[in-house]
Amino acid sequence: MHPIHARLHRILDFVTVVGFAVAPSLLGLQGLPATLAYGLAAVHLVLTLLTRFPPAERGLVPLRAHGLIELVVGIGLLVAPFALGWTGVSRTFYVGAGVVILAVWALSAYADRVAPRAG
């Protein structure tokens, strides 16, 4: 069962963009962790804007491809802090972001359908 439908997922994507964009200021990230956060905010924004979220038929990126990209990014966010030797807040932020992105990925319906309307 995938309780996060396409409309909600799109909203959560914009929340993710804001989260990455404000993390350096709020958490005091500097150097590569800060640069990566800003880059991820920009890339996630572009991906979200280019994704074909139902019911609209516009967008270059199919929703299933969007999901695959998020899976790869989520795994990358879990691995990066350890591979790069980050500690403290930087490690905690990126591991937490990876966990959240993977949880949203696991709970999202990436099939091209929308949530039923209450009636």
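The values are calculated or read from the model by the stated rules, or taken from the named source; none is laboratory data. Since the model is a prediction, treat every value here as computed from it, not as a measurement. All Cβ positions, even for glycine, are placed from backbone atoms using ideal geometry, and neighbour counts span all protein chains on display. All accessible areas refer to the heavy atoms of the entire protein, side chains included, with ligands and DNA or RNA removed. Shrake-Rupley method; radii C 1.70, N 1.55, O 1.52, S 1.80 Å.
Simple spin-label estimate for LEU60 and LEU26 gives 3.0 nm between the two label positions (7 Å along the Cα-to-Cβ direction from each Cα). Using a probe radius of 1.4 angstrom, the carbon and sulfur fraction of the accessible surface of the chain is 71%.
For a protection proxy built on the mean count of beta-carbon atoms within 10 angstrom, sort 26-33, 44-51 highest first, please.
Going from most to least packed, we get 44-51, 26-33.
The accessible-area ordering, largest first, of the residues ARG58, ARG64, ARG52 stands as ARG58, ARG64, ARG52, per a 1.4 angstrom probe.
For PHE14, PHE82, PHE93, PHE53, the ranking by accessible surface with the largest value first comes to PHE82, PHE14, PHE93, PHE53, using a 1.4 Å probe. Remark: the stretch 13-113 carries 54 Å² of accessible area per residue (probe radius 1.4 Å; ligands, DNA and RNA excluded). Net length available on complete extension from VAL43 to THR87 is 13.4 nm, with 0.36 nm assigned per residue and the Cα-Cα distance removed. With a simple spin-label model that places each label point 7 Å from the Cα along the Cα-to-Cβ direction, the separation between HIS2 and VAL79 comes to 2.3 nm.
Sequentially through the stretch 10-27, phi angles give Karplus couplings (6.51, -1.76, 1.60; θ = phi - 60°) of 4, 4, 4, 4, 5, 4, 4, 4, 4, x, 5, 5, 9, 4, x, 6, 5, 9 Hz, Gly and Pro residues having no value and appearing as x. Heavy-atom accessible area with a 1.4 Å probe sorts LEU71, LEU63, largest first, into LEU71, LEU63.
Amide H contacts under 5 Å for VAL61: THR51, ARG52, restricted to partners 5 or more places along the chain or on a different chain, H placed in the peptide plane at 1.01 Å from N.
Using just the Cα positions, wrap the chain in a convex hull and report its mean projected area in square nanometres, one decimal place.
Averaged projected hull area, Cα only: 7.7 nm².
Taking a ≥ b ≥ c as the square roots of the eigenvalues of the alpha carbon gyration tensor, the stretch 1-45 is prolate, as a/c is not under 1.5 and a/b beats b/c.
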